[in-house]
Amino acid sequence: MHRHAFDQIQKRAEASNPEAQTVLASCYELGRNVKPSRAETIHWLKLAADQGYAPAEYELGRIYLYGRGIPADYQQALLWEKKAALQGNRNAQRDLAFMYERGLGVQPDPREAALWNRKAAEQDEPQAQLHLAEALESGNGVPVDLAEAKVWYLKAARQNLSKAQLRIAQLYAQETAGTCGSRLAAGSDHPRARPKPKSSLPRSLQHKRRAPNCRSSAGSRNIPARRKKTNRKRGALSSPLRV
């Protein structure tokens, strides 16, 4: 970021613009045009979050959730993540679901976790899609629904989430193996279970059919070898007449 752009952002932040305040907080966190300062980062995020700016609420919640430069504070994390989640921030919804799953700052609640994962998943958040699929497969907080679980696994897999790609592949493989197993058990698709096709030849000629150019096997009729062609004309003598 150029110095002139930074100066403009700082002026807007000081004029209580929440978007500029959030950008300025990021500058203090990453040390762009200023010396890194966790205190200044939290200060500017708090000013923006107090105005109800969801991206600032989310970022402030994550600082408290993961203890980025400060001790983790799950109560503060829950407070700010929930504010952002209620405004439809999909990342905050994902984090809130995680907190309900693990019981961070709140009693573990699989139903609430599934609810927030669904909200984030419907906004194409891949981690939420994966966790919702796992809940639907296991019945953790929601009724078991393998068909819907596959839908969410597939959505997450298409966003290159390797764990989702592996699980959907395993489910498809199990489904294929089960289908093949049931067919084999029924015998409908097994080659040996199929009736031999009836010959269209008359019964009197069926025994005469043989594969072309096949040698006779032991116990079968010997096929006489073909006579070699010669250049002799019919009726020609095999040796000259002696006088």
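If R0 is 51 Å, the Cβ-Cβ spacing of Asp50 and Thr176 corresponds to a FRET efficiency of close to 0.40. The label point for Asn160 and the one for Asp124, both projected 7 Å from the Cα toward the Cβ, are 1.5 nm apart. Electrostatic tally near Ala121: other residues with Cβ closer than 10 Å to its Cβ, Lys and Arg +1, Asp and Glu -1, net +2.
For His131, neighbours were defined as the other residues whose beta-carbon sits under 9 Å from its Cβ, and their charges (Lys and Arg +1, Asp and Glu -1) total -1.
Hey, how many Å between the Cα centroid of the stretch 7-31 and the Cα centroid of the stretch 138-166? Between the Cα centre of the stretch 7-31 and that of the stretch 138-166, the gap is 39 Å. Think of the stretch 56-189 as a dipole: +1 on every Lys or Arg Cβ, -1 on every Asp or Glu Cβ, centred on the Cα centre; then among Ala157, Val142, Gly88, Ala157 lies furthest on the positive end. The calculated FRET efficiency for the pair Asp73 and Gln8, based on their C-beta separation and a Förster distance of 25 Å, comes to about 0.15.
Since every read-out is calculated from the coordinates, none of them should be taken as a lab result. Quick caveat: nothing in here was measured; it's all calculated off a predicted structure. All Cβ positions, glycine included, derive from the backbone under ideal geometry; neighbour counts span all protein chains shown.
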